[in-house]
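First up is the structure itself, then whatever we jot down about it.
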Amino acid sequence: MSETGGKGVSRRTMLAAGAALPLAAGVARAQGGGSNAARFSLGYAPHEGSFASRGNRIEQIAFAADQGFTAWEDNEAAGRTIDEQVAMAKALSSRGMTMGVFVASMPKWGQSRPILGANDGAEREAFLADVRASIDVAKRLNAKHMTVVTGFLDSRVPLDIQTARVIDVMRRAGDIVAPHGLVLVMEPLNTRTNHPGVYMQSIPQGYAVARGVNSPGVKILADLYHEQIQSGNLIPTMELCWSEIGYLQFGDNPGRNEPGTGEINYAGVTRWLRARRYAGVIGMEHGNSVRGRAGEDRLIAAYRAIDAL
């Protein structure tokens with residue numbers, strides 16, 4: 001879910017030294033202009049703004065494809081006009097790119113709503129209405145996965161009761177989307193930096209809910225930026241929860257920028273994913289550490305670096 005936080009100097013120095021050579025080579029390729037012929041080995045998905053200097057949304061998609069990216073993400077797609085959705089789907093299809101997630105039910109962040117585990121079921125019904133409305137959006141976009149956030153905690157209701165209610169509403173949501181071949185991916189969010197008070201705070205918690213729901217239409221969105229902040233231990237956690245992980249997102253920590261700017265060993269993560277033969281989309285759910293075209297070149301170089309190791 002889109003929002004844009006250390007280690008000591010010695011660790012930063014080590015990270016910079018370790019990344020310098022592959023990043024420099026990647027920047028040189030990116031600055032050469034034109035198309036990087038090599039397609040990435042994994043389905044990294046930029047989003048609008050990743051390549052803002054290259055033009056509008058459709059032009060950014062074309063540029064991403066020319067650099068070897070094979071997927072795209074758009075959290076805000078459900079709020080775009082039908083014409084905009086159709087145009088984006090056409091642009092992706094023409095370049096052989098896969099549409100990643102969009103947000104099916106956007107929380108009201110400032111109000112800490114919805115509370116899906118509350119005694120009052122009205123917000124659960126509103127959530128399900130959002131899920132129903134997302135089906136037509138997904139079909140227009142040729143998307144399979146849709147992000148949902150399982151709401152916020154209610155301090156007045158025991159946690160186990162809230163969990164039961166979240167499982168129940170997600171089971172109903174799965175029954176809505178599964179007949180269409182669609183998958184809702186629940187996103188655990190960190191409470192230490194970005195999202196205090198959310199219900200789902202870790203991939204293992206998402207695993208417990210997904211196992212309780214037991215539907216092909218409900219899985220976990222494993223955003224490794226959030227999981228690193230909240231719990232760490234990324235690869236063992238994914239190993240344990242893999243059967244219920246339906247989608248992945250990258251972002252380094254601190255700062256939530258491209259790989260190589262923080263503490264996460266994304267080269268190790270990508271090696272593990274290749275060994276797993278992961279063929280799905282990996283959302284680039286982060287910003288660029290450097291503004292402008294130089295930052296876009298660095299972004300491409302960062303993904304070349306982790307993809308090559």
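No lab work stands behind these numbers, since they all come straight from the coordinates. Note that this is a predicted model, so its numbers are computed, not measured. In this analysis, Cβ positions are derived from the backbone assuming ideal geometry, glycine residues included, and neighbour counts consider all displayed protein chains.
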Of the convex hull drawn through the C-alpha atoms of the range 253-309, the volume per residue in Å³ is 76
So, in nm, how far is label ASP160 from label ASP66 when the simple model puts each one 7 Å beyond its Cα toward the Cβ?
-> 6.0
Starting from one equal scatterer on each C-alpha and no solvent at all, send me the Debye-based log10 I(q)/I(0) for the range 181-287 at q = 0.10, 0.15, 0.23 Å⁻¹, two decimals.
-> -0.25, -0.58, -1.37
With both partners inside the chain, how many of the DSSP beta bridges are antiparallel, as a percent to the nearest 5?
-> 10
Residue by residue through the range 266-283, the couplings from Karplus 6.51 cos²θ - 1.76 cosθ + 1.60 with θ = phi - 60°, in Hz, x for Gly and Pro, are 6, 4, x, 5, 5, 4, 5, 5, 5, 4, 7, 6, 5, 10, x, 7, 10, x
So what is the calculated 222 nm ellipticity per residue for the chain, using -39500 (n - 2.57) for each DSSP H run with n of 4 or more, over all residues, to the nearest 500 deg cm²/dmol?
-> -14000 deg cm²/dmol
Over its alpha-carbon atoms, the chain yields an Rg and a Dmax in Å of 19.1, 59
